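Let me begin by presenting the structure, written as structure tokens, before commenting on it.
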Amino acid sequence: MNALNSNPNKAPASALASALFRLGRPALMGAALVVPVFPALADETILAADNGEVICQASKADLTRISLKDDQFVAVSRVQTGNPVEDFSIVHEPTRGDIYLSVPEGYAKANISFFGTTQKGYVYKFNCQVGGEEALQVFVANADLENPQAAPEVLQAFGSLDERAVGLVRAMFEQRPVIGFEISDNARAPVNVGDLKVQLITEYRSPTMVGKVLRIENTGEAPMVLREELIAGDGAIAVTISNPNLASGQATAAYVVVPAGR
């Protein structure tokens, strides 16, 4: 445990703690996530966000089936021009809730565009590029259903400061949102302190407490033992180190909770 302090190349606790909290305060963002929508090839599944755009393909000469995973279409909205070579056909199949698209011979547009509303209340904008002679299938899965967000941690308002800090550390370890905290997961550039490379990965911020998820790497040639006071310095409410015994080149995660304003 004293090996860190006995090596002159190792940073003192005060220098490391100071460097950790000079890593910068990244711009805060809400806990809501922006889910990308991926373009698909024929007969593949697209992961789509509610109110998002689905980029897909539609057959020029045959049917295109669009099917929802664990859901059904209940309504489709589109604009009809009245021009036979600019209007396409949508047929709703009621048993499975799929829709089938077809375009007339000589269809003049490069794409098909419409909105679909689902039984579970999701709305998608479809933009399908027209091409090819064979029938096509497109399967759409909802991002929220495929990757549900973990239930947020609720810190007890009347609990002690230590109890709330422990709850925050648990939520950071499990990568869960916490009610009352804004989360920034924009990783900061690492800083080097002695033989340690330290990087702020995620920050949880509230008016009273700040939680920091740190990546700490041993860049020296000798193994080292990370002590809590080496990482946090004075004033930390809670410190947890996933693996305090670091071999050369090994990295670990540390979870630090400090009062807001530090």
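The values are calculated or read from the model by the stated rules, or taken from the named source; none is laboratory data. All values reported here derive from a predicted model rather than from experimental measurement. Neighbour counts run over all protein chains shown; Cβ positions are idealised from the backbone, glycine included.
Can you name the residue in the stretch 100-116 that is within 19 Å of residue 132 (Cα to Cα) and surrounded by 18 or more Cβ atoms within 10 Å (Cβ to Cβ) and is also farthest from the chain's Cα centre (by Cα) among such residues? Among residues in the stretch 100-116 that are within 19 Å of residue 132 (Cα to Cα) and surrounded by 18 or more Cβ atoms within 10 Å (Cβ to Cβ), the one farthest from the chain's Cα centre (by Cα) is 107. Considering 75, 61, the condition of being assigned to a strand (DSSP E or B), small (Gly, Ala, Ser) and at pLDDT below 95 is satisfied by 75 alone. For the stretch 194-223, the tally of residues that are within 18 Å of the chain's Cα centre (by Cα) and of a type in the set (D, E, K, R) stands at 3. Evaluated against (1) closer than 18 Å to residue 260 by Cα; (2) surrounded by fewer than 18 Cβ atoms within 10 Å (Cβ to Cβ), residue 183 falls short on exactly one condition, (2). Looking at the stretch 88-104, which of its residues are assigned to a loop (DSSP other than H, G, I, E, B), modelled with pLDDT of 90 or more and not β-branched (Val, Ile, Thr)? Those that are assigned to a loop (DSSP other than H, G, I, E, B), modelled with pLDDT of 90 or more and not β-branched (Val, Ile, Thr): 88, 96, 97, 104.
Filtered by the rule that a residue be among the small types (Gly, Ala, Ser), surrounded by 14 or more Cβ atoms within 10 Å (Cβ to Cβ) and at pLDDT below 90, the stretch 218-237 gives 232, 233, 236. Checked against the criterion of being out of contact with any Lys or Arg (no Cβ under 9 Å at 6 or more places or on another chain), surrounded by 18 or more Cβ atoms within 10 Å (Cβ to Cβ) and not charged (D, E, K, R), the candidates 178, 198 yield just one match: 178. Scanning the stretch 219-257 for residues that are in a loop (DSSP other than H, G, I, E, B), touching a residue at least 40 places away in the same chain (Cβ under 8 Å) and of a type in the set (Val, Ile, Thr) yields a single hit, 237.
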